[in-house]
1. Between B:132, B:362, B:155, where does the largest GNM mean-square fluctuation fall for chain B, given springs only between Cα atoms within less than 10 Å?
2. Within 10 Å, at most 12 other Cβ atoms, and a DSSP state outside H, G, I, E, B define an exposed site. Report the longest part of chain B free of exposed GluC sites (Glu not before Pro).
3. Hey, any idea what the orientation-averaged projected area of the convex hull of the stretch B:42-118's Cα atoms comes to, in nm²?
4. Would you mind checking which residues have amide H under 5 Å from residue A:13's amide H? H placed 1.01 Å from N; only 5 or more apart, or other chain.
5. If each Cα of the stretch A:310-384 is one equal point scatterer, what is log10 of I(q)/I(0) from the Debye formula at q = 0.14, 0.18 Å⁻¹?
6. Looking at chain B as a GNM with Cα springs under 10 Å, which of B:129, B:264, B:104 has the largest mean-square fluctuation?
7. Using a 10 Å cut-off around each Cβ of peptide A:158-167, what is the average number of partner chain Cβ atoms that fall inside?
8. Taking the Cα centre of the protein assembly as shown as origin and charging only Cβ (+1 Lys, Arg; -1 Asp, Glu), how large is the dipole, in debye to the nearest 20?
Amino acid sequence: MTAPRHRILLTTEGTYPYVMGGVSSWCDLLIGRLAEFDWQILPVVAPGGRPRLFELPPHAREVGRIEVWSEVLPPRPGWRRRGGDDALPATLTRHLLGWEGSTEAIVEAWRHCREHPALVRPAFRSKAGWHGFLAALREVLDERVPEAGTPPSLDLLEAATLYQTLYWVARTASAPTPETDLLHVTAAGWSAIPAVVHRALHDTPLVLTEHGVYVREAYLAAVRSGDSPGTRFAATRLARGLARVAYAAADVIAPVTEANAHWEVGLGIDPAKILVVPNGLRVPSAPTAPPRTRTVVSVGRLDPLKDALTMLRVAGETLRLAPDAQFLHYGPVPQGQEVYGRSCLQLHEQLRLGDRFRFMGPTDDPHGAMRDADVMLMTSISEGLPMAILEAMGQGRPVVSTGVGGVPDVVRGCGVVRPPGDDHGLAMAVVMLLRNPDLAWRLGRRGHRRLQRLFDESSCIEGYRGLLHTLAGDSPITDAPLVPVEPVAADGDAALPGDRDAAVAVGLTA
Amino acid sequence: MNGAELDPAAAAPIVEARLGRTPQDMLEAAVVLEAWAGVRPERALGAAERLMAEAPDERTVSVSRLPRPAAPPHALRDGLAFLVTVIAIACWASPLTDSLGVSDVRRALTIALPLTLALQWGLRSRFLDQPGGLVELARHRGALLLGPGATVLVGSLALGRAGTLAGLLTVTWVGGTVLLRRDWPVPYVLIILMATGAMATGLAALEVVRAAGVLTTLAVVFALRPRDQTLRPLSPSASRAHLAGRALRSGLIGVGLGLMLVLDRSVSWTSGAVPALALLPSAVAGLWGAAHLRHLEIAILRGLSGVSVDGPETDGQARPALRVIAVAVLRLLGLTAALSAALVLLTPWLGSSARGSGVLAGFGLLALASLLLGLLDSLGGSRWVLVAVAAAAGTEAYIAAARIEPFAGVGLLAGGALAAALVLPAIVLLLSRSARTVATTLWIR
């Protein structure tokens, strides 16, 4: 008799299967390799249909889409019950935005939304809903918690914008989910909402994988946005509120790197809930020798988190010392980052980089792109465990990167890590490796071996296979070790990536 | 930098230098320390918590940034297209009357005007003013092709030649609305100008209108071909029931406005081109006034920006929006008066008797009522709009039935004035609490 096939509901947020990127590649890999499960994909997306960029295997299907800020209206309430739950906007405000809001109260409110989807719109369109919201917002703004700082005084336009956002949170909670045996959430934000409600209704186990840390990235986006204090406050508190609920509901939180785990512990999660499952890559058998054309390759979206402006400045400084170097950047300008994309082009022109720095657009052959490199460069200010670095290591190329997220742990011994925004330090590292190709090749091969040892695709897959089968109630079918989180970094003070004095090159000193 | 040694005194300058201000909370401080100073997360979080414990308790007053105003619509081009078509269609009155007789043309217009306005309002509400609505409309290929034919057929079967003409005029005018919304004014204007030229050369007027209706329908079908890449893609629609209800309400408002146009018996639509041309001043002025209302959205938001949630909700919120509305109304009334005066002077030259300043004033008030009714409808007051339109049309009907005719256009004046008087206070009320209106109505549709 064959074992029953378990169904997994995978919820995504602005990624798989509609957007290319690290999270989407990870989803594609996981779904493709774990064919013993029936995967049900529920993406949370922005309105305006996009073509699907990933072909789903036969054991996976999309079970709908949750469009936020769309023109799609919810079902109408029946004639007998026209009014909504007018307390809903106030409840969400108080507990999602309040520093010490109750996650149970939010789950209960979301559950009510799911059970009465037709009442969400009337609640938010009602006079009582609006006035309740304002009263709850004033309460939140009057909170005084030392670590929470003093909230700014929002204006009415910011309040109305927040009200609309909360409406969409409630609408997302009201969206139906199919029957499933396991819930797998890919970010502790909007995509967690339907899964959390499903768990509350059916007690289905929930796994949360965090590639970046949702709260951290929301704060970074807010800091860089140039928005008003009220807008920043609303965006970050909402992200924090959503993440708190996701963390509370999750049975297992699986960050891709220990660095993320430290954030999660810092956000109040019980370390016992956390299991680090590092990303993995199928390791090519043997790396090919670098081309020795003084080519520096970078891969990533042109958005503020990738800090492409620093990358351009690094290129500018490198080219002053190594004029025959060339930089190739692969990656799209994502939707909504067009202004940032233009600012990159302006800086490119200002620095007169010309053909020495070329924007190559998206690539569907990142391995090939890395093979053409002598050095791989990454200047992000936020990362989990970036696939681009694993791809560089897979091709035996040394990495020069900012020390964010899990990067220092990955690059240790096979590259150079500098603090974020340190364009001079990054440029010096690039120049050093371009001028010492033998050293670069040695570091690259060391990276290849490190990848085989620690970040092999099979380890990642087996890690999830074991985790998902265990949560589904099967006996564990793999002995692949999961890495429990250490509350404090176990090693590497000397190799702290941010230590400007000590760590010129983590790899070189390792 | 070794995070273990990072005390608040060391962390604070780093964070404030990067942010240019004190951090909002410990998470923001921690993110800055990690992302821009390379401090490991666990240490950044610890340092940030200690830093916030010493932060001053000063509340920042936030002033939100206004969104960029939307690009202005092609107001001039669309206005010109409208002007040309109104003048051209006004020129159809004489040939049509000569060909079909006054009675048939009058009956046709009495049906066509309310029906056209109903369909225009309904289509705008259901499709044309909805994001992606044109794509949705394009999916109704069968209705786009068969609907016009059915309209004409039903009209013919019910009322003979008058019904045929009513159907054809409706199809042409409604098709023109779709083409203008689709940014295709040139084909529509060309069709109307060709039809006008054909009538001037003495071709059978009904056949010319039939050709215009067919060509307009084909132009609409072609303009809305589903593979057209310039049409915005649409979200999957689960909203049809809602939108259908809205479209029905808008259609009823359109019917009411159409009835207001035709219920005043002192206005003849069949005595040459002048009666139709009498619509021109108010129609052009209405377009000019409505064009100014594109500033309304930003004005409403400006009224909310910087008004603290701690204060009373009505403090000065409405002023910027009311200023925009006042300018729009002044534009409409002023231009109506100026163009009407010009028309009165030109009428003898056009060779027909003027309908008197009462009719022109009546059309002016009707245009004002239309502007305000549309505005209130867009602010979410469609039920009250229906009430106002019904009251205005009822008043006109009563005046017509009671044969109260102290001067031409009295019905239009009374109806228009009543509708405007009924909706204006509702608009002011909604704008005086514009935060709630924006939050609960405009942004949660």
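Throughout, read-outs are computed from the coordinates displayed, never taken from laboratory work. Here the structure is a predicted model, which means the values were calculated and not measured. Don't worry about glycine lacking a Cβ; one is built from the backbone with ideal geometry, like all the others, and counts go over all protein chains shown.
1. Maximum fluctuation in the GNM of chain B, among the listed residues, is at B:132.
2. Values: sites that count: B:54, B:58.
With a cap of 12 other Cβ atoms within 10 Å, the longest stretch comes to B:59-445.
3. Average projection, Cα convex hull of the stretch B:42-118: 12.3 nm².
4. Answer set, sorted by chain and number: A:44.
5. -0.48, -0.81
6. Comparing B:129, B:264, B:104 in the GNM, the peak value goes to B:129.
7. Values: counts 9, 8, 14, 7, 2, 7, 6, 1, 0, 4.
Taking all residues of A:158-167 together, the mean is 6.
8. Numbers: 89 positive and 84 negative charges, 715 e Å.
I would put it at about 3440 debye.
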